[in-house]
Amino acid sequence: MITVDVTNLKVEELLEMDFRCECGKRHSVEINSVKIGSNIMEQLPEFLKEFKNKKILIVQDIHTYAVAGIRVEDILKNDFSLKKYVFPQEHLLPDVYALGRVLIEIEDDTALILAVGSGVINDICRYVAYRVHVPYAIVGTAPSMDGYASVVSPLITDGFKESHKAIYPYGIYSDIVIMKNAPMYLLCSGLGDVLGKYTALADWSIANLLTGEYYCKTIADMVQAAVDKCVAAAPMIPERNDDVVKNITDALVLSGITIGMAGCSRPASGSEHHIAHGWEIMFHARRSEEKWVHGNFVGVGTVVMAMLFEALKDIDIESVMAKRSFRFYDMNKWRQNIESVFGKVAGNIINYKKDSIELDPDKRQVNAEKIASNWKEILNIGHTIVPSSENVKKVLQDGGCVWHPEELGIDKNLFIKTFIAAKDIRTRYGVVHLIDDLGLTEEFANLIANKLYRSNNI
């Protein structure tokens, strides 16, 4: 059993941990090194000395090559055999093209893949490294997402974004001088991804309560401590303060580490990610040139899901059970909504979700009764874990970040449709599935839309 408090350990200290936890699992972190601070770039040859005189494939895009890749190459060229590939796209996607491109660039004697970038570059390199059994490391260029230390890669296949099993990085190297000078929307993306942990942790607790899904309080407490530290520093994000950017980066790396500890993305991803992924898939399907990235969508999604948790308090659960409208599910209406939102990729989402929808009225009755019998505890989870939507909104606003769906290009009518579709992006249970089990999804979609889209609300 665990005998040490790990909730406030530094990321570097966690790398040395290997313990059996109260949750019954053994937790360990298979990352060689994490270095976050000033002048990290100059120390790369020492961090990568295991690969000295061996071939390293450096993967980057046109943006990350300019801000860090040129310098990385210059620092490593004397002690390592280098090959580089620079993606030419202005907006790179983690799709099958990108995966195949990196596979083509890997030579038989490649000893390490060195990613230079943040979200998309990291996801591509992690998955390829996993498939070809070659380690990879990442030189971070922006505190924009929590995937640096993760063991899963969200990838786009046939227009549908889904997480795939991958590996821990060999090392994570983030020079704060580079990270703090990333475009402001990327710093805000990191904050948004961190804020999403509030509703993710609540979803995880609810799933444990209702379905018996595995849950680890130690991991949840680690994530909560990191989020609280990050939120306290958020108002100083526009100043690009070194300590603030380091705190955000630490929190993002820690979040990724907890994914590996849990063996799934539960500690870091919940209903806020469901709706965010839905928005991303929708914009990709429409070939819209988005200026926002994953964490920006997650931040807005967190405001929305905080509003949903607030709205649960006004439900008369006895009246819901008496009406019994949850017993019947309209599959035609369900399909029509997905098709109207996702267009040409709708079929992928329908095929992904259809078999997990319970259609038997009696089984739907049982599911609803279980929710009703645990209603007080569900409300308590929301009350104790999720801050008010106004507080989430304020944290984003104080950081100079987007918070409203309309800022993402989503009008009221489209918001309602995408809110309804959020439950269809993942089968993993959360608050969006809970309200669907009660037959209340459309009601809440309209309720939250009416609150969000009042005139002069932004």
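The values are calculated or read from the model by the stated rules, or taken from the named source; none is laboratory data. Fair warning: this is a prediction, and the values are worked out from it, not measured in the lab. For neighbour counting, all protein chains shown are included, and Cβ atoms are generated from backbone atoms with ideal geometry for every residue, glycine included.
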- Query: Residue check, Glu46 against (1) acidic (Asp, Glu); (2) surrounded by 13 or more Cβ atoms within 10 Å (Cβ to Cβ); (3) out of contact with any strand residue (DSSP E or B) (no Cβ under 6 Å at 6 or more places or on another chain), all met but one. Which one?
  - Reply: (2)
- Message: I'm checking my understanding of the structure. Among residues of region 234-264 that are more than 25 Å from Tyr168 (Cα to Cα) and touching an Asp or Glu at 6+ places or on another chain (Cβ under 7 Å), which one is surrounded by the fewest Cβ atoms within 10 Å (Cβ to Cβ)?
- Response: Pro235
- Task: Tally the residues that are closer than 20 Å to Ser174 by Cα and not β-branched (Val, Ile, Thr), restricting the search to region 16-53.
- Result: 19
- Query: Where residues in region 205-233 are in contact (Cβ under 8 Å) with a residue 24 or more places away in the chain, out of contact with any helix residue (DSSP H, G or I) (no Cβ under 8 Å at 6 or more places or on another chain) and farther than 21 Å from Lys10 by Cβ, which of them is surrounded by the most Cβ atoms within 10 Å (Cβ to Cβ)?
  - Reply: Ala207
- Query: Could you say whether any residue in region 108-118 is among the charged types (D, E, K, R) and assigned to a helix (DSSP H, G or I)?
  - Reply: no
- Counting only strands (runs of 3 or more DSSP E) wholly inside region 1-98, the ones holding at least 1 residues that are at pLDDT below 95 are 18-20, 26-28, 33-37
- Task: Could you please give the count of residues in region 128-141 that are in contact with a His (Cβ under 9 Å, 6 or more places away or on another chain) and surrounded by 24 or more Cβ atoms within 10 Å (Cβ to Cβ)?
- Result: 1
- Task: Give the residue that is farthest from Ser265 (Cα to Cα), with candidates limited to residues of region 409-433 that are in contact (Cβ under 8 Å) with a residue 60 or more places away in the chain and basic (Lys, Arg).
- Result: Lys417
- Task: Report yes if Asn374 is surrounded by 14 or more Cβ atoms within 10 Å (Cβ to Cβ), over 24 Å from Gly278 (Cβ atoms) and not charged (D, E, K, R), otherwise no.
- Result: yes
- Among the residues of region 307-329, is any within 16 Å of the chain's Cα centre (by Cα) and surrounded by 24 or more Cβ atoms within 10 Å (Cβ to Cβ)? no
- Take Ile56 and decide whether it is buried (at least 19 other Cβ atoms within 10 Å of the Cβ), closer than 30 Å to Lys229 by Cα, over 24 Å from the mean Cα position of the chain (by Cα) and among the hydrophobic types (A, V, I, L, M, F, W, C). no
- Message: Of the conditions (1) surrounded by fewer than 24 Cβ atoms within 10 Å (Cβ to Cβ); (2) assigned by TED's automatic domain parsing to the domain that holds Thr441, Gly301 satisfies every one except a single condition; which number is it?
- Response: (1)
